[in-house]
Amino acid sequence: MVKGEDLIIGDATGIKVSHIIKTSIVTAFTIAAAFIWKDVILEFIQAILPTANELLYKFIAATLATIVVIILIYIFLETESEVEFLIAKMHKNKNKPKKIKGVKILKV
């Protein structure tokens, strides 16, 4: 019997079904949190700011939220690529012999 994490989609893409499921669940929670925050932000705008410019304040809040989300996504993607680079470097250096100061490695 094949475990869920062993299922791979496509020929050699390396996309695991368990990763897709986890990503979908995280996305669902993120959307739910976004809807809750939307209501909080709108109520905050209505409570604090005058109603005459309510549309302008909503536009400013939406613009600021979009900028914050774009920055967070950029940081996440850059961090992810850096981690992938470091992992690949670790795997590459895994089989190399370690140099010890003052010790010469002789090849046989």
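We did not get these values from a lab; they are worked out from the coordinates using the rules stated. Keep in mind that this is a model prediction, so the values were computed, not measured. Neighbour counts are summed over all protein chains in view; Cβ atoms, including those assigned to glycine, are modelled from backbone coordinates with ideal geometry.
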Original post:
Amide H to amide H under 5 Å from residue 49: which residues, 5+ apart in sequence or cross-chain, H placed 1.01 Å off N in plane?
Top reply: none
**OP:** Extending each Cα 7 Å along its Cβ direction at residue 59 and residue 80, get the distance between those two points in nm, one decimal.
**Re:** 3.3 nm
Original post:
By its C-alpha gyration tensor, with a ≥ b ≥ c as the square roots of the eigenvalues, how is the stretch 51-97 shaped: rounded for a/c under 1.5, else prolate for a/b larger than b/c, else oblate?
Top reply: prolate
Original post:
If the chain between residue 42 and residue 23 were fully stretched, how many nm would it gain, using 0.36 nm times the residue separation less the Cα-Cα distance?
Top reply: 4.0 nm
**OP:** Work out from phi, with θ = phi - 60° and the Karplus expression 6.51 cos²θ - 1.76 cosθ + 1.60, the ³J(HN,Hα) of each residue of the stretch 43-52, listed in order in whole Hz, and give x for Gly and Pro.
**Re:** 5, 4, 4, 5, 6, 8, 9, x, 6, 4
